[in-house]
Amino acid sequence: KNNPYPAHMPQVKKNLAVHYAINEHGADHCTAGHDPMMDVGGFQGAGATNNYKQGLYEPLPYRQLTEEKMKFNYYPHIQRATNTGLGVCNFAYGPGSLYDIEDIVGMVNDITGWSTNWWEIMKSAERTLVLMRLFNEREGFGAKDDVLPKRMFEQKFSYGPAEGEHVDEEAFYHCRSLYYDMAGLDQEGHARHSKVVELDLQWAEELVRGNK
């Protein structure tokens, strides 16, 4: 989507390779899980608890792009959208951070007087992501824009600790397709009607698609 890449190389952090492509507003390293968090080192100490709270129970290889990583792409994407919606910092709020999930729920309830829960808060964030998808659809964006530059597939690092690393093109498109399915998107990268109905966004769908 013509956003410059952050200083986290997708050729090495393969989960970010998919996320840079599919993220609604372009490449962003702050809106997904980073691969080292999923590897063996990410399961040391408090890291294990953090991963458990996001549905990741076994380490995943750092420099491989696997189907299992797409869950760790999708769930943290929603959690980071939650932080954005609440106006709080990713470094301080979230699983295993200074303020954990339970703290966030408590703060929201104390400030608003509501009696909400983490499920409702996460669903509100998911609505944000689907609204962004509908907006992008209206503006002509879709799967054709959820891509990486060819050099990510074709150029391998020639030296250093990451020598030989690149993004496998076949694995990339397979995992992107899997992510679409998890997120309730069709293979054009557009929100499925079933996902729109689940999130009560028919009004937005009608604005974008009419009565089709």
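The values are calculated or read from the model by the stated rules, or taken from the named source; none is laboratory data. Nothing here was measured: the structure is a model prediction, and the numbers come from that model. Here Cβ is always computed from backbone atoms with ideal geometry, including for glycine, and neighbour counts include all displayed protein chains. Surface areas here come from the heavy atoms of the whole protein model, side chains and all, with no ligands, DNA or RNA. Shrake-Rupley method; radii C 1.70, N 1.55, O 1.52, S 1.80 Å.
Values as computed for the structure displayed
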| read-out | value |
| --- | --- |
| Only one of Ala171, Ala162, Ala204 that is in contact (Cβ under 8 Å) with a residue 60 or more places away in the chain and either among the charged types (D, E, K, R) or in contact with a helix residue (DSSP H, G or I) (Cβ under 6 Å, 6 or more places away or on another chain) (or both) | Ala204 |
| Tally, over region 137-153, of residues that are open to solvent by 20 Å² or more (accessible area, probe 1.4 Å), in contact (Cβ under 8 Å) with a residue 40 or more places away in the chain and either aliphatic (A, V, I, L, M) or not in a helix (DSSP H, G or I) (or both) | 2 |
| Condition met for Cys30 (touching a Lys or Arg at 6+ places or on another chain (Cβ under 9 Å), open to solvent by 40 Å² or more (accessible area, probe 1.4 Å), within 23 Å of Lys123 (Cβ to Cβ) and assigned to a loop (DSSP other than H, G, I, E, B)) | yes |
| Output for region 80-103, where each listed residue is at pLDDT 90 or above and surrounded by 19 or more Cβ atoms within 10 Å (Cβ to Cβ) | Arg80, Ala81, Thr82, Asn83 |
| Helices (runs of 4 or more DSSP H) within region 43-116 that include 2 or more residues under 26 Å from Leu185 (Cα atoms) | 46-52, 69-86 |
| Count of region 39-73 residues which are closer than 22 Å to Glu169 by Cα, buried (at least 21 other Cβ atoms within 10 Å of the Cβ) and within 14 Å of the chain's Cα centre (by Cα) | 4 |
| Residues (among the hydroxyl-bearing types (Ser, Thr, Tyr) and either out of contact with any helix residue (DSSP H, G or I) (no Cβ under 9 Å at 6 or more places or on another chain) or part of a loop (DSSP other than H, G, I, E, B) (or both)) located in region 178-201 | Ser194 |
